Amino acid sequence: MTILPIQIYGEPVLHSPAEPVGEITDEVRALVADMLETMTAAPGVGLAAPQVGVGKRLFVYDWTDEEGVRHHGTAIDPELWLAPSTPESIDELDDEEESEGCLSFPGERFPIRRSARVILRARDLEGEPYELVAEGWLARILQHEYDHLDGVIYVDRLEVPIWKTAQKTMRKRRWGVPGNSWTPGVDDLEG
Ligand code: ZN
């Protein structure tokens, strides 16, 4: 297994819709193994194939909740349904509770509103279809990773004042153009 370089905001593969995986070949299995190793090394709670430069519709996730329950899996050719927004969604964004980060925009966190509940339908690495109903932070992770498959990074969804802050960071770090990546364990960057 190999720790793969993680592409940074500006690399075209991150900003284009990914292609269906289709048949689960040895190549796909090797990619998932490398993605799991890369996600663990970063460390991160989710990683989508476009983030390691592969424009395929799959992501991995691994997150342990406050009660110590581990939620992890591989989602191949997933579909995601979002629950309608709840009354809380008109409240102000909460910096603590609603901030997320992205390994392709490393070292930064910004608040963003997400659906409280989602349904994920996907295939696992054995090709078995499954359905997962997720709430709270897990729902957030799934929305974040699913977005990557459509060429959307959470930074693109930020509300305008926060989006401007993110744009400043991007200019300062010289991101937003092709050719930037970092490798966990090699480059001194935080996810
Ligand atoms: Zn991300």
Kindly indicate whether Pro129 is out of contact with any strand residue (DSSP E or B) (no Cβ under 8 Å at 6 or more places or on another chain) and at pLDDT 95 or above.
-> no
Confirm whether Val152 is aliphatic (A, V, I, L, M), surrounded by fewer than 18 Cβ atoms within 10 Å (Cβ to Cβ) and within 17 Å of the chain's Cα centre (by Cα).
-> yes
Identify, please: which residue in the range 112-169 is among the hydroxyl-bearing types (Ser, Thr, Tyr) and within 14 Å of the ligand (Cβ to nearest atom) and is, among those, nearest to Leu58 (Cα to Cα)?
-> Tyr146
Scanning the range 24-73 residue by residue, the ones that are within 16 Å of the ligand (Cβ to nearest atom), part of a strand (DSSP E or B) and open to solvent by less than 30 Å² (accessible area, probe 1.4 Å) total 7
For Ala134, are the conditions met, namely being more than 28 Å from Pro12 (Cβ to Cβ), assigned to a strand (DSSP E or B) and open to solvent by less than 40 Å² (accessible area, probe 1.4 Å)?
-> yes
Do we find that Asp95 is within 24 Å of Gln7 (Cα to Cα), without any contact (Cβ under 8 Å) to a residue 60 or more places away in the chain and among the acidic types (Asp, Glu) in this structure?
-> no
Give the residue that is surrounded by the most Cβ atoms within 10 Å (Cβ to Cβ), with candidates limited to residues of the range 13-23 that are within 17 Å of Leu120 (Cβ to Cβ) and aliphatic (A, V, I, L, M).
-> Ala18
Among the residues of the range 74-91, write down those that are at pLDDT below 80 and in a loop (DSSP other than H, G, I, E, B).
-> Pro84, Ser85, Thr86, Asp91
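The values are calculated or read from the model by the stated rules, or taken from the named source; none is laboratory data. As the structure is a prediction and not an experimental result, all values here were calculated from the model. All Cβ positions, even for glycine, are placed from backbone atoms using ideal geometry, and neighbour counts span all protein chains on display. To get the accessible areas, we keep the full protein, side chains included, count just its heavy atoms, and leave off ligands, DNA and RNA. Shrake-Rupley method; radii C 1.70, N 1.55, O 1.52, S 1.80 Å.
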